[in-house]
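The structure appears right after this line, and notes come after that.
The values are calculated or read from the model by the stated rules, or taken from the named source; none is laboratory data. All of these numbers come straight from a predicted model, not from anything done at the bench. In this analysis, Cβ positions are derived from the backbone assuming ideal geometry, glycine residues included, and neighbour counts consider all displayed protein chains.
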Amino acid sequence: MAGVVGVGAAVWPFIDQMRPDASTLALSSVEVDVSSLTPGMSLTVKWRGKPVFIRNRTPEEIESSQKVPLDELKDPLARNANLASDAQATDIDRSAGAGKENWLVMVGVCTHLGCIPLGQQGEYGGWFCPCHGSVYDTSGRIRKGPAPENMAVPVFSFISDTKIRVG
Ligand code: FES
């Protein structure tokens with residue numbers, strides 16, 4: 001009997017360490033207030049150790065992305081974790097969707113070797129990665145340079161008109 005109690009005492013501390021604490025759980029998603037972002041403004045939040053770019057795109061940025069024929073794209077897939085894996089890289093499917101196509105949310109990591117691209121730079125007015133010259137357009141699709149894929153759109157949703165939850 002004494003042996004059984006002893007085993008129990010040894011096992012419980014181990015199980016407690018396996019349980020994620022509140023701070024770990026909080027990091028799995030992040031809520032972002034976007035009410036101060038007028039068209040043409042962006043912010044970057046950290047999510048699971050990576051930068052996530054949130055941009056309120058201008059009508060010109062949306063239009064320039066919308067008018068690109070899909071067969072000109074280097075990566076034809078949306079890379080949008082909220083959609084089917086074979087969804088096409090149309091502007092709407094890169095954005096937050098119908099009625100919210102001004103919002104672009106994406107992991108701000110170059111798909112070549114992981115540098116953080118600079119916003120509103122490069123010949124498409126989107127993002128430019130200075131490490132090896134990858135150029136992304138205004139919906140974060142790779143257009144030139146060595147990066148193989150569009151920047152990833154993470155799981156996210158609007159939890160109110162002015163708040164986005166990423167993750
Ligand atoms: Fe961006 Fe190489 S890491 S172009």
* Structure fact -> Residue count, region 118-145, condition of a type outside the set (Asp, Glu), part of a loop (DSSP other than H, G, I, E, B) and under 23 Å from Lys67 (Cα atoms), comes to 11
* To do: Please indicate, with yes or no, whether at least one residue in region 39-50 is among the aromatic types (Phe, Trp, Tyr) and within 17 Å of Gln121 (Cα to Cα).
  => no
* To do: Out of Gly99, Gly122, Gly133, Gly114, report the one residue that is closer than 25 Å to Leu37 by Cα, of a type in the set (Gly, Ala, Ser) and either within 12 Å of the ligand (Cβ to nearest atom) or modelled with pLDDT under 95 (or both).
  => Gly122
* **Residue satisfying all of: in region 146-166; among the small types (Gly, Ala, Ser) and not in a loop (DSSP other than H, G, I, E, B); surrounded by the most Cβ atoms within 10 Å (Cβ to Cβ) among these** => Ser157
* To do: Of the conditions (1) within 16 Å of Val166 (Cβ to Cβ); (2) among the aliphatic types (A, V, I, L, M); (3) within 14 Å of the ligand (Cβ to nearest atom), Val105 clears all except one; give me its number.
  => (3)
